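What follows draws every value from the coordinates through simple rules; no lab data is involved. Since this is a predicted model, take the numbers as computed values, not measurements. All Cβ positions, even for glycine, are placed from backbone atoms using ideal geometry, and neighbour counts span all protein chains on display.
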Amino acid sequence: MIQALGASQGIAIGKAFVLPHWEWELPEQKIDVADLAKEFERLYEGIRRSKTEISQMKTELDEVVGSEEASIFDAHLAILEDPVFMNEIQGIIQRQYKVAEVAVKEAIDHFVTMFDLLDDEYMKERALDIKDVGNRLLKHLLGAPEISLPEDTQPFVLVVRELSPSQLVHLKPELVLGIVTMVGSPTSHSAIMARAFGIPMIMGLEGKLEEPIGTGDLLIIDGENGTLQIEPTSETVARYTEMRKQFIAHREQLQKLAEVPSVTTDGVSLTLAANISSLKELEAALANGAQGVGLFRTEFLYMDRSHFPTEDEQFEVYRMAAQKLKGQPLTIRTLDIGGDKQLDYYQMPEEENPFLGFRAIRFSLERKDLFKTQLRAILRASCYGDVKIMYPLITSVEEVREANEVLAEAKQELLAEGVPCRTDVKAGIMVEVPAAVAIAELLADEVAFFSIGTNDLIQFTLAVDRMNEQISHLYEPFHPAIIRMIRTVANAAQAQGIPVSICGEIAGDVNALPIWLGLGIEVLSLSAQAILPVKQRVLSSRAADSRKLLEELFRCRTAKETRTLAHQFHAEAALASGKASPLI
């Protein structure tokens, strides 16, 4: 068994089809000065054809997985219109008298090398976009056929060094059992699209294979655990086939709980809301019984495009989300850009530690023009549902007050213009840094609600970058410091009489459920996939038992003790209710 990275959940068993690399035979001749105009015209015609093809692919993808995922190709169109990229190509043609295809290839190599040298996962992913667009342009300049997938109807596991969105959009999901890539990140465009298609995917195998995978090799991939097995034994195939059947059957059983109220056996309700970044994700969350949206990550409206979204563009998305929820809460987090989330069309300042730098609410308060545009769009959408506003990365009372001043200005402007909006929209904050925990009782006086962002809270409190493989084992949600911080915030919120929710990966960990029930947390904000497993656990739990367990958990002195006690409690409760399952 080979350990890789899980990018899209599910188990796939099937024979490999290895997609070859793009290979080009480029002409060596140079051009005369008299032929420069002709060569530029060839370049421009290749660009026109590439843009037409990309637009067609965007339309095809929109029909399958929705406009949010299809917007990936807006970034590809933007590359073909980027003056820096195009000036590089034109300069090589004009100064070195090289044919257009050679100039394109050299420009691709230049920018890809430059991005790959950066210690920034986001920029490495953008390098793949440049290669994808450049290869499409080369294909048209050379008149070469596109590398295609098998034309027969036998399902296969696709194996490729790196998979571009352009290649993935042409896949027939019913024929692709799974995807294996040698390089890539779970946040890449291809991984996002694979999840949208529901195709199991693993990546990051470069340097881990003793021999390359060959077309026809039998593979087993586990997209959740990120494992690969090559030419497994018949016993292993039988075991994973059964696991796959159990996984599918278990999901089907859980689906029956979608409309069942989330209430413990002793009558305590726990609202299970969804974390979303697109309308497509909202549909999946509602299908799983989400009781509103606890976190709408709006930064994805700003990414993979060529300009900041307008007020009207944002309003339409927020309005549709509110209408789909039919009166259930919609909590919209204002722009959380910076750190690992960059914009292709806006140059953020270079920082030694961008996660602790110019990002989130700090960016919004610096660019109040952009901030107000977003707030106006949210306020307009508030007429269509129960819309709330949430500020990210708050560290002080001053930030809350300054943000609320901009919100008040946005309301006044809309009213003066005669634009409908609600004036009672509630504003709350993400509690995700230790400073906010320390002054939780002060912040509770300033806002309408708290949402505890556990992912960043854990990272900042424990000084652990969970993407750093050397120390990722120190990223521990059950660390005594973390559960004590959560208790501090919950107590401050309850003392002030404002709601508090839990947001982050630990919210979806069924072993942590006794903590939430014990602390009196009323709302969890989860990924769509986590809602039903957590609901099943809620339905078999007693809040009174959780409150008793909480006293024991706070006596634990190590993360291991806390986790072990919580896991034991979960296992015993699940067994007692007859719902024990290794798949939960």
TODO: Please list the non-local residues whose amide H lies under 5 Å from the amide H of Arg367, H modeled 1.01 Å from N, same-chain partners needing a gap of 5 or more.
DONE: none
Task: Lys, Arg +1 and Asp, Glu -1 on Cβ, resulting dipole of the chain about Cα centre, debye, nearest 20 - done: 1900
Task: Charged-residue dipole, Cβ positions (Lys, Arg, Asp, Glu), region 443-530 about Cα centre, Debye nearest 20 - done: 200
- [ ] Can you tell me the relative contact order of the chain? Whole percent, Cα pairs under 8 Å, sequence separation 6 or more.
- [x] 14
Open item on the list: With the cut-off at 20 Å, tell me which of the pairs Lys139/Lys172; Lys326/Lys368; Lys15/Lys172; Lys208/Lys560 have Cα atoms farther apart than that.
Closed with: Lys139/Lys172; Lys326/Lys368; Lys208/Lys560
TODO: Among Thr461, Tyr475, Ala274, pick out the residue whose Cα is farthest towards the positive end of the charge dipole of the chain, where Lys and Arg carry +1 and Asp and Glu carry -1 on C-beta, about the Cα centre.
DONE: Ala274
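Using 0.36 nm per residue, how much length does the chain from Glu561 to Ser472 gain when fully extended, once their Cα-Cα distance is taken away? Write out the running numbers ahead of the final one.
Values: separation 89, 0.36 × 89 = 32.04 nm, distance 1.89 nm.
In short, 30.1 nm is gained.
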Task: For region 196-274 versus region 1-21, the gap between their alpha-carbon centres in whole angstrom - done: 12
Task: Within the chain, helix-based [θ] at 222 nm, where runs of 4 or more DSSP H residues each add -39,500 (n - 2.57), nearest 500 - done: -15500 deg cm²/dmol
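Calculate the FRET efficiency for Leu442 and Val263 from the Cβ-Cβ distance with a Förster distance of 35 Å, rounded to the nearest 0.05. Kindly include the intermediate steps, with their values, before the conclusion.
Details: r = 34 Å, r/R0 = 0.97.
Calculated transfer efficiency: 0.55.
For Glu409 and Leu175, compute 0.36 nm times the residue count separating them, minus their Cα-Cα distance, and round to one decimal in nm. Walk me through the numbers on the way to the answer.
Numbers: separation 234, 0.36 × 234 = 84.24 nm, distance 5.34 nm.
Gain on extension, Glu409 to Leu175, equals 78.9 nm.
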Task: Simple label model, 7 Å out from Cα along Cβ direction - Ala481 to Arg542, nm - done: 3.6
TODO: Calculate the length of the line joining the C-alpha centroid of region 502-536 to that of region 448-490, in whole Å.
DONE: 15
Task: Within the chain, percent of DSSP bridges classed antiparallel, to nearest 5 - done: 30
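How much net charge surrounds Ile213 when only the other residues with a Cβ under 13 Å from the Cβ of Ile213 are counted, with Lys and Arg +1 and Asp and Glu -1?
-2
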TODO: Within region 231-258, find all residues whose amide N lies under 17 Å from a label point positioned 7 Å from the Cα of Glu210 along Cα-to-beta-carbon.
DONE: 231-233
TODO: Go through His307, Gly428, Thr52 and say which Cα lies farthest out towards the positive end of the charge dipole of the chain; charges sit on Cβ, +1 for Lys and Arg, -1 for Asp and Glu.
DONE: Gly428
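I'd like the projected area of region 412-569, averaged over all directions, using the convex hull of its alpha carbons. Report it in nm² with one decimal. Before the final figure, lay out the partial values.
Working: hull surface 47.0 nm².
Mean shadow area of the hull around the Cα atoms is 11.7 nm².
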Open item on the list: If the reach is capped at under 17 angstrom between alpha carbons, list the lysines near Lys548, excluding any in the same chain fewer than eight residues apart.
Closed with: none
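Using R₀ = 22 Å, calculate the FRET efficiency as 1/(1 + (r/R₀)^6) where r is the Cβ-Cβ separation of Leu26 and Tyr97; round to 0.05. Numbers along the way, then the final one.
On the way: r = 15 Å, r/R0 = 0.67.
Computed FRET efficiency for Leu26 and Tyr97: 0.90.
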Open item on the list: Under 5 Å between amide hydrogens, which residues at least 5 positions from Leu343 or on another chain qualify, with H placed 1.01 Å from N in the peptide plane?
Closed with: Met348
Task: Inter-label distance for Lys38 and Gln56, nm, one decimal - labels placed 7 Å from Cα along Cα-to-Cβ - done: 2.8
Task: Positive-pole candidate from Ala16, Ala321, Ala495, dipole of the chain, charges at beta carbon - done: Ala495
